[in-house]
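Down below is the structure, laid out as structure tokens.
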Amino acid sequence: MTPVEVLRGGGPVILGMPHTGTWLPDCVADALNPRGRALSDTDWHVDELYRGLLPDVTTVRAVFHRYVVDPNRDPAGGSLYPGQNTTGLVPLTDFDGQAIWDSPPDQPEIARRVARFHAAYHDALAAEIRRVKAIHGVAILYDCHSIRATVPHLFRGVLPDLNIGTYDGVSAAPQVEAAVAGICASAGGYSSVVNGRFKGGWTTRHYGRPRHGVHAIQMELAQSTYLTEEAPPWIFDRDRAARLRAVLQDILETLADLAPRLRS
């Protein structure tokens, strides 16, 4: 199994998809408990949600599941949100704080997974950023995510529908953040927030270097915006998705149009 799927486009926007994959090596599947094998923390159908929205977009997608190793976490193991509940480089629990392993991986096994899977994803992503920037003088990395709207272990209350993360403005130019935030704020029927509970994961923080022509922004979608129900079997609701896709298309087209004005 190839751990990363890359679809190359000629435009300035790159879609990162670190959490849509569901593939598990046999040794990982065998070590998970039944709760872990349910893969409930997948970013369900996010690849389908974004498919075809922007011509010439590049997509880099992890085929493996985040329980193998999470490509949106610091490979050194640092926490994204110190002092808050979150999952780590190789999660030991699911988003509800429940154990997912019969046999948790030890440190040598985690290191092997980082080398085989985490590094493969980021080698591919970094290569596409370099390629796109060489063509356009700028690259915009748009990191695609989703999560259940209600996860008490991770956050209080109900998550806004559209959660924009720029690491408090560090990972993207102000006009990138403002463009996306403006579209989300004016999208009828959707709530949104900028740098709320989700400020951008390791990918956004690692690659976002506006002064060097690389702008990174994360979009965390509440799954209630496009699933029939936030529970198995995680059914893609085509009517809900169609409404949301119109908003997402506006965002991606706006970013592509903005790119020439971001050249350093």
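Remarks
- Looking only at region 123-147, and only at residues there that are of a type in the set (Val, Ile, Thr) and either at pLDDT below 95 or in a helix (DSSP H, G or I) (or both), the one that is farthest from Gly21 (Cα to Cα): Ile135
- Per-region count, region 210-264, residues of a type outside the set (Ser, Thr, Tyr), under 23 Å from Ala38 (Cβ atoms) and touching a residue at least 40 places away in the same chain (Cβ under 8 Å): 10
- Selection from region 1-59 of residues that are out of contact with any His (no Cβ under 9 Å at 6 or more places or on another chain), more than 27 Å from Ala139 (Cα to Cα) and either part of a strand (DSSP E or B) or at pLDDT below 95 (or both): Met1, Leu32
- Close pairs from region 166-177: first under 14 Å from Arg263 (Cβ atoms), partner modelled with pLDDT under 95, Cβ under 7 Å, at least 6 apart: none
- Hits in region 148-203 (condition: part of a loop (DSSP other than H, G, I, E, B) and within 24 Å of Ala242 (Cβ to Cβ)): Arg148, Ala149, Thr150, Val158, Leu159, Pro160, Asp161, Ala187, Gly188, Gly189, Tyr190, Ser191
The values are calculated or read from the model by the stated rules, or taken from the named source; none is laboratory data. If you're wondering where the values come from, they're calculated on a predicted model, not measured in any experiment. Note: ideal-geometry Cβ built from the backbone for every residue, glycine included; neighbour counts use all protein chains shown.
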